[in-house]
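The block underneath contains the structure these notes are about, expressed in structure tokens.
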Amino acid sequence: MATDALARLSGVPGMNVVRGMAALRGNTEKFLKLLAQFLDSHTDEITKLTESQSSGDHATALRLAHTIKGSAATLGADQVAAPAAELESLLRANPTGNQQADAIALKIEAIRHEIAGLAAALQPWKAEPYSADVTPGAASSLKAVLDELDRLLGQGDTAAIALFEKCGPSLRTALGPPCDALARQIIRFDLEDAQNTLRKLRKQSDF
């Protein structure tokens, strides 16, 4: 049950459930669903971060650390956001990654460990069918939906994810295959880049 999941999460050191719930306006199911998405997507991001650091792709490693930090902080996962912030600082201070390679590796492992701990706490929870607060019918037009999505992304509001989930089929029809890139950014909580992508797609499709 959702209440059991919240209780388990509240017992995880560094997990600020109250702040995470506040970001989702107290919607328990939405919070749990977005936290699950965060954990699923960022498990892969950690692997990419390690690979980027090992291959000397500093820009990608820095971007991933920044994204993980912001997403975790939004959902109240301070135990993930803290090492991610420290990792970001290390990467900025060491563009080559050579001088503090061991410290960087330790921070990446710390993030991986904390994400695994959260995943274990959330694992027993089974989400019920999800319904977003905003429906296509509630918007007067597709343009209104796009305007609202743009606004939410600009504010870093995670309600943008719920809106996209509900209106995704209509948006894909209107914006075409390039909308898949937007979907990936939104699911990864990369809301700033998602807004830039959305605006480019709107210019290309005249919406």
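The values are calculated or read from the model by the stated rules, or taken from the named source; none is laboratory data. As the structure is a prediction and not an experimental result, all values here were calculated from the model. Every residue, glycine as well, gets a Cβ built from its backbone with ideal geometry; the counts of neighbours run over all protein chains shown.
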- [ ] Being closer than 16 Å to Ile186 by Cβ, of a type in the set (Val, Ile, Thr) and part of a helix (DSSP H, G or I) narrows it down to one of Thr60, Thr67, Thr47, so name that one.
- [x] Thr67
- [ ] Sort through Ser10, Ser52 and tell me the only one that's buried (at least 19 other Cβ atoms within 10 Å of the Cβ), free of Cβ contacts under 8 Å to residues at least 40 places away in the same chain and among the small types (Gly, Ala, Ser).
- [x] Ser52
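Residues that are among the acidic types (Asp, Glu) and more than 28 Å from Ala65 (Cα to Cα): find the helices (runs of 4 or more DSSP H) completely inside segment 141-207 holding 1 or more of those. Don't jump to the end; show me each part of the working.
Numbers: elements: 142-154, 159-175, 179-187, 191-205.
Result: 142-154.
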Task: Conditions (1) out of contact with any helix residue (DSSP H, G or I) (no Cβ under 6 Å at 6 or more places or on another chain); (2) outside any helix (DSSP H, G or I); number of the one not met by Asp4 - done: (2)
TODO: Consider Leu90 carefully, then state whether it is in contact with a helix residue (DSSP H, G or I) (Cβ under 7 Å, 6 or more places away or on another chain), surrounded by 17 or more Cβ atoms within 10 Å (Cβ to Cβ), outside the structural domain of Ile187 (by TED's automatic domain parsing) and touching a residue at least 40 places away in the same chain (Cβ under 8 Å).
DONE: no
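Yes or no: Ala132 in contact with a helix residue (DSSP H, G or I) (Cβ under 9 Å, 6 or more places away or on another chain) and modelled with pLDDT under 80? Lay out the reasoning, then the answer.
Numbers: in contact with a helix residue (DSSP H, G or I) (Cβ under 9 Å, 6 or more places away or on another chain): yes; modelled with pLDDT under 80: yes.
Answer is yes for this residue.
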TODO: Restrict the check to segment 74-85 and report whether at least one residue is outside any strand (DSSP E or B), modelled with pLDDT of 85 or more, out of contact with any strand residue (DSSP E or B) (no Cβ under 6 Å at 6 or more places or on another chain) and within 19 Å of Leu153 (Cβ to Cβ).
DONE: yes
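Against the definition (closer than 18 Å to Arg112 by Cβ, assigned by TED's automatic domain parsing to the domain that holds Ala93 and within 20 Å of the chain's Cα centre (by Cα)), how does Leu24 come out, yes or no? Lay out the reasoning, then the answer.
On the way: closer than 18 Å to Arg112 by Cβ: no; assigned by TED's automatic domain parsing to the domain that holds Ala93: yes; within 20 Å of the chain's Cα centre (by Cα): yes.
No: the conditions fail for Leu24.
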